[in-house]
2 protein chains.
Amino acid sequence: MSEIKHAIQDYYPSDLAHCFGCGRNNELGHGFRTGWNGDETLTVYEPPEAYTAIPGYVYGGLLASLIDCHGTGSASLALHRKQGHEPEDGVEPPRFVTAELNVQFLKPTPQHTELRVTGEVEEVHPKKFNVHTVVYANNDIVAKGLVVAAVMPDGFGKA
Amino acid sequence: MSEIKHAIQDYYPSDLAHCFGCGRNNELGHGFRTGWNGDETLTVYEPPEAYTAIPGYVYGGLLASLIDCHGTGSASLALHRKQGHEPEDGVEPPRFVTAELNVQFLKPTPQHTELRVTGEVEEVHPKKFNVHTVVYANNDIVAKGLVVAAVMPDGFGKA
């Protein structure tokens with residue numbers, strides 16, 4: 001998983017880096033990491049054994065989680081680049097929340113296999129991005145996803 | 001969570017009860033349990049502390065997982081009832097897989113709060129059911145979901 005050298009999640013503001021999916025400050029979480037791979041985004045992950053649907057196959061909720069965090073990370077990468085930044089330049093990137101998540105499960109996803117999740121980011125509004133996602137296992141497309149990601153409002157969650 | 005006396009997942013075939021979300025044979029999983037509440041289905045769950053998005057709020061991937069398993073469980077309840085059975089009569093219920101999952105995240109979901117997930121099941125084909133789902137926290141609607149659930153094909157995952 002070191003293939004992604006500079007992940008956007010490595011640079012999220014520290015008080016917003018506790019996400020179970022992709023927060024570096026969540027010790028129990030998955031630690032998903034998303035970076036650029038040319039003009040596409042990429043997350044690479046091999047799910048732990050427990051995340052099974054039926055023995056031998058990956059749990060759909062894990063795939064949904066992976067697509068979700070990959071989506072918000074991809075949107076962050078894209079807006080950050082639009083603003084003239086790359087993850088490694090040390091500027092805090094914008095954080096996104098998921099407004100809507102859609103997952104099509106196309107094939108059973110084998111366990112003990114590295115999953116490769118790609119993203120194409122489409123700006124639909126300056127604060128709203130669609131991330132079109134494909135999940136590959138052994139070069140097979142096992143799922144497709146759409147994440148509608150919105151810039152996290154100021155004071156989000158500080159009700 | 002004992003409110004649901006007879007959950008459909010309590011009666012899934014033992015070799016198909018390892019799901020991280022709702023399998024009684026998965027010691028590390030969530031153990032979601034789904035039963036009838038009148039003509040609706042119901043899952044009740046309080047997410048553990050680690051499943052955070054940002055501190056104080058529930059991780060979207062957990063909500064997606066909850067909606068997913070609630071959806072397949074609801075479809076199983078509905079087809080089982082159509083075939084003349086209730087969970088507690090001891091007949092193995094049909095198992096479903098998720099073809100498609102859609103989640104709308106409507107409000108930040110507070111942690112340390114019991115979530116109540118309701119389902120209305122719509123048969124669109126003898127082997128395919130749409131489960132329309134609403135997630136409540138403290139009587140607020142925090143998310144809505146649609147699960148397209150299909151009867152698990154014979155030999156699923158036995159490639």
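The values are calculated or read from the model by the stated rules, or taken from the named source; none is laboratory data. Since we're looking at a predicted model, the values are computed, not measured. Here the Cβ positions follow ideal geometry from the backbone for every residue, glycine too, while neighbour counts run over all protein chains shown. Side chains included, ligands, DNA and RNA excluded: accessible areas come from the protein's heavy atoms. Shrake-Rupley method; radii C 1.70, N 1.55, O 1.52, S 1.80 Å.
Right, residue A:130: away from every other protein chain (no Cβ under 11 Å) and open to solvent by 60 Å² or more (accessible area, probe 1.4 Å) or not? The answer is no for residue A:130.
Would you mind stating whether residue A:33 is crowded, with 21+ Cβ neighbours inside 10 Å, more than 9 Å from chain B (Cβ to nearest Cβ), over 30 Å from residue B:155 (Cα atoms) and among the basic types (Lys, Arg)? Before the answer, list the steps.
Numbers: crowded, with 21+ Cβ neighbours inside 10 Å: yes; more than 9 Å from chain B (Cβ to nearest Cβ): yes; over 30 Å from residue B:155 (Cα atoms): yes; among the basic types (Lys, Arg): yes.
When the stated conditions are applied, residue A:33 passes them.
Consider the stretch A:148-159 and keep the residues that are more than 10 Å from every other protein chain (Cβ to nearest Cβ) and modelled with pLDDT of 95 or more. The one that is surrounded by the most Cβ atoms within 10 Å (Cβ to Cβ) is A:149. Across the stretch A:61-101, the number of residues qualifying as in a loop (DSSP other than H, G, I, E, B) and open to solvent by 30 Å² or more (accessible area, probe 1.4 Å) comes to 7. On the basis of being at negative phi and loosely packed, with under 14 Cβ neighbours inside 10 Å, does residue B:28 make the cut? Against the criterion (at negative phi and loosely packed, with under 14 Cβ neighbours inside 10 Å), residue B:28 qualifies.
Residue A:123 falls short on exactly one of the conditions (1) surrounded by fewer than 18 Cβ atoms within 10 Å (Cβ to Cβ); (2) within 14 Å of chain B (Cβ to nearest Cβ), and that condition is (2).
In this structure, does residue A:41 turn out to be away from every other protein chain (no Cβ under 14 Å), crowded, with 24+ Cβ neighbours inside 10 Å and in a strand (DSSP E or B)?
Details: away from every other protein chain (no Cβ under 14 Å): yes; crowded, with 24+ Cβ neighbours inside 10 Å: yes; in a strand (DSSP E or B): yes.
Yes: the conditions hold for residue A:41.
Taken over the stretch B:1-25, the criterion of being crowded, with 22+ Cβ neighbours inside 10 Å and among the β-branched types (Val, Ile, Thr) is satisfied by B:8 alone.
Taking the stretch B:102-159 on its own, how many of its residues are not polar (S, T, N, Q) and not in a strand (DSSP E or B)? Can you show your working first?
We begin by selecting, within the stretch B:102-159, every residue not polar (S, T, N, Q); these are B:103, B:105-108, B:110, B:112, B:114-117, B:119-129, B:131-132, B:134-137, B:140-159.
Retained after the next criterion (residues that are not in a strand (DSSP E or B)): B:106-108, B:112, B:114, B:126-127, B:152-159.
Going through the stretch B:102-159 one residue at a time, the tally reaches 15.
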